[in-house]
Amino acid sequence: MHKLWASTYKEFLLLTRDIGGIAILFIMPIVLIITITIIQDSSFKTISDTKIPILLVNNDNGRVSETIISSLTASNTFQVIQKDKEQEARDLVFKGNYQLAIIIPEKLSSDLDKKVNQNVEGILSKFRLEEEEKEIQPEETILSKEVRLYFDPATQLTFKSSVKNGIDKMISKIETQSIYKAFHEQVSEDDTEVIFETDNFISFKEIVPKQGDKEIIPNSAQHNVPAWTLFAIFFIIVPLSINIVKEKNQGTFVRLRTNPVSYAIVLGGKTTVYLAVCLIQFTLMLAIGVFLFPKLGLPTLDVSGRIFNLFIVAFFAGLAAIGLGLLLGTVAKTQEQSAPFGATFVVILAALGGVWVPVFVMPKFMQLLSNISPMNWGLNAFYDVFLRNASFIELVPEIILLLLFFIITALISIVYNEKKNAV
Amino acid sequence: MIKIEQLSKKYKGAEAYSVSDLDLFIDEKEIFGLLGPNGAGKTTLISLLCSLIKPTSGSFTIDGLTYKNPNQLKQLIGIVPQEYALYPALTANENLTYFGSMYGLKGQLLKSKISQAIEILGLSKFANKKVSTFSGGMKRRINLIASILHEPKVLFLDEPTVGVDVQSKNVIIKYLQLLNKKGATIIYTSHHLNEAEDFCTRVAIIDHGKIISQGQPQELISNQKNANNLEDVFLALTGKALRDHA
Ligand SMILES: Nc1ncnc2c1ncn2[C@@H]1O[C@H](COP(=O)(O)OP(=O)(O)OP(=O)(O)O)[C@@H](O)[C@H]1O
Ligand SMILES: [Mg+2]
């Protein structure tokens, strides 16, 4: 016990001797979390203070184009800049000056009206067959119209598909309304008479979990803080593995092997100190979410009633990360091996764990891999606490997985170390 | 005290044996010198005796213990490695406190042992300075203290005086003699043959993992034709060729 305590104190001293290192350990995660939340928050927000400038070429100049422009403007997401020539708009977008150009084709409004009228007439004529035999005029064929979109090739796919969806919806709505209008004109003389209700009949409402009688509405802080905190916690494997590799290179490790002390105790000292670092990091990040976010105009992180569970998850996630660090440090021969490998590996684990892309949209194979990423267990546990309002009991499976991961990685480190030194 | 029988070591992947069928007996309270050219197998032999590596064949006992009782054995012996084995970012005191603790020492006892040793080796003024700021000779002395705080019965020193000035060397040798007077058996390697000649009660000259000659320094000198000192004996036995191989 005394040896473990002495080892812990030594690690503590080593850590405090590198003030720059500590600063990086604590400041970088904070910078990370603030940056990511600001970025993500603005892309979630509907009323954003920044509008995306887009180009629009209006070859129609009719009712439909008017509706498109006014609903684009009303959406508050876009600032619509009108151009005369498709050519010009396309070039500007392809050069990357604008994200998007929308080209509204000629005679869109009039052709749409004509087409709809034709259809409506066609339907109605089926009902009126006996009353009046109109002479059948050869119908003018009206070609379907296309609204052309140009995207900057560098535009992210998610942005692209959400824009496409929005425009698609807008066009459908205009079409439906035109159909209603055409029927209306055919059936009734009075324009003000209400025959059709044009409001949507089917609507949807999202029902969110409740805590007491308060709804838990997830905001970007509830999503980002756990995800990126976990990311930062796992980054502990870089300094930890460097610490171990250094110990091997400066000969102290050989000395320790001649001392009556086991590798497990040496690692135990490191585990204790680096776990404390993880928990301090975690506390800082929660504090940032709770106190600093509202001051920056970001959504506040709501930790009420869940502090205990949050720290439980952070503790075990930290352990899992440390286990990985111990293993990496034990196996790596040089810092040049451990540092880049550690950093890249954390990014891979984070990707697999669902920090960027939710696990459910991943390909099947990746989903399987995700199930064995400790970052995924940790993230699920955090989401359970933050968003699903889980109780401690519900966290137990994930916590056990994280703990097992630590035990197994630590054991592998110890066994590997024995094997390697048995030269 | 130390009994070595037919001890051999061949490293994994190595072509030749680094220690080969070596027999040796070292008595209590001896100061025994292991001399030999670069690559002769001195460090390998010490590493074997300290259980840092496992023998390929053969056996040894130290005070009746073998490498199968690692913790008792480690408590009994002290090793001063050839390379510095200290935390540069920690002070001399912090390094020594830590390594002392690894031998189960603590509290006031540990403190007084550290300050005593530091005093004798002339480092009191630097006890609270970081080791990274120390000169080679100062590091050597701290490297030594870190291995003797638990008062080992057997002390292995791998070139404890390499790269130090005459002053430092004298302090180190004096201190080792003091430890020896208090009852420690000392096994030491060195390339300073003059130093070994004065310091050692007995020496062995090793080459290619085998002992080619052993005895009291004066004995070896008088047995060798035209030899005036250990260096003459050494050259006569090991030849003048360089020993560079890896
Ligand atoms: N880890 C190792 N793996 C393979 N061969 C090794 C290893 N360590 C040492 N050797 C080889 O074993 C032989 C003895 O080396 P050793 O270090 O014991 O010599 P030494 O007498 O201590 O030399 P020096 O005076 O230079 O310290 C050398 O040929 C060396 O190349
Ligand atoms: Mg050597």
Please tell me if residue B:61 is among the hydroxyl-bearing types (Ser, Thr, Tyr), modelled with pLDDT of 95 or more and more than 12 Å from ligand 1 (Cβ to nearest atom).
-> no
Residue check: is residue A:359 over 13 Å from residue A:226 (Cα atoms), in the same structural domain as residue A:11 (by TED's automatic domain parsing) and touching a helix residue (DSSP H, G or I) at 6+ places or on another chain (Cβ under 6 Å)?
-> yes
Sort through A:279, A:275, A:240 and tell me the only one that's assigned to a helix (DSSP H, G or I), touching a Gly at 6+ places or on another chain (Cβ under 8 Å) and surrounded by fewer than 16 Cβ atoms within 10 Å (Cβ to Cβ).
-> A:279
Out of the residues in the stretch B:53-70 that are in contact (Cβ under 8 Å) with a residue 12 or more places away in the chain and part of a loop (DSSP other than H, G, I, E, B), state the one that is farthest from the other protein chains (Cβ to nearest Cβ).
-> B:63
In the stretch B:74-90, what residues are surrounded by 21 or more Cβ atoms within 10 Å (Cβ to Cβ) and more than 16 Å from ligand 1 (Cβ to nearest atom)?
-> B:74, B:77, B:78, B:86, B:87
Give the number of residues within the stretch A:1-23 that are open to solvent by less than 40 Å² (accessible area, probe 1.4 Å) and within 7 Å of another protein chain (Cβ to nearest Cβ).
-> 4
Could you check, for the stretch A:259-280, whether at least one of its residues is more than 21 Å from residue A:12 (Cβ to Cβ) and in contact with a Ser or Thr (Cβ under 6 Å, 6 or more places away or on another chain)?
-> no
Within the stretch B:71-89, track down each residue that is within 13 Å of residue A:255 (Cβ to Cβ) and facing another protein chain (nearest Cβ under 7 Å).
-> B:74, B:79, B:81, B:83, B:84, B:85, B:86, B:87
Please list, ordered by first then second residue, the pairs with beta carbon atoms under 8 Å, 6 or more apart or interchain, first in the stretch A:289-318 and not assigned by TED's automatic domain parsing to the domain that holds residue A:224 and modelled with pLDDT under 90, second among the basic types (Lys, Arg) and part of a loop (DSSP other than H, G, I, E, B).
-> none
All conditions in (1) open to solvent by less than 10 Å² (accessible area, probe 1.4 Å); (2) away from ligand 2 (no atom under 13 Å from the Cβ) are true of residue B:30 except (1)
Among the numbered conditions (1) within 14 Å of another protein chain (Cβ to nearest Cβ); (2) over 12 Å from the mean Cα position of the chain (by Cα); (3) in contact (Cβ under 8 Å) with a residue 40 or more places away in the chain, tell me where residue B:147 comes up short.
-> (2)
Could you pull out every one of the strands (runs of 3 or more DSSP E) wholly within the stretch B:165-217 that has 2 or more residues that are surrounded by fewer than 19 Cβ atoms within 10 Å (Cβ to Cβ)?
-> B:210-215
Counting just the residues of the stretch A:130-155 that are of a type in the set (Lys, Arg) and modelled with pLDDT of 65 or more, which one comes out farthest from residue A:100 (Cα to Cα)?
-> A:145
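The values are calculated or read from the model by the stated rules, or taken from the named source; none is laboratory data. Being a predicted model, the structure only gives us computed values, none of them experimental. With ideal geometry, Cβ positions are generated from the backbone for all residues, glycine too; neighbour counts draw on all protein chains shown. Heavy atoms of the whole protein, side chains included, go into the accessibility calculation; ligands, DNA and RNA do not. Shrake-Rupley method; radii C 1.70, N 1.55, O 1.52, S 1.80 Å.
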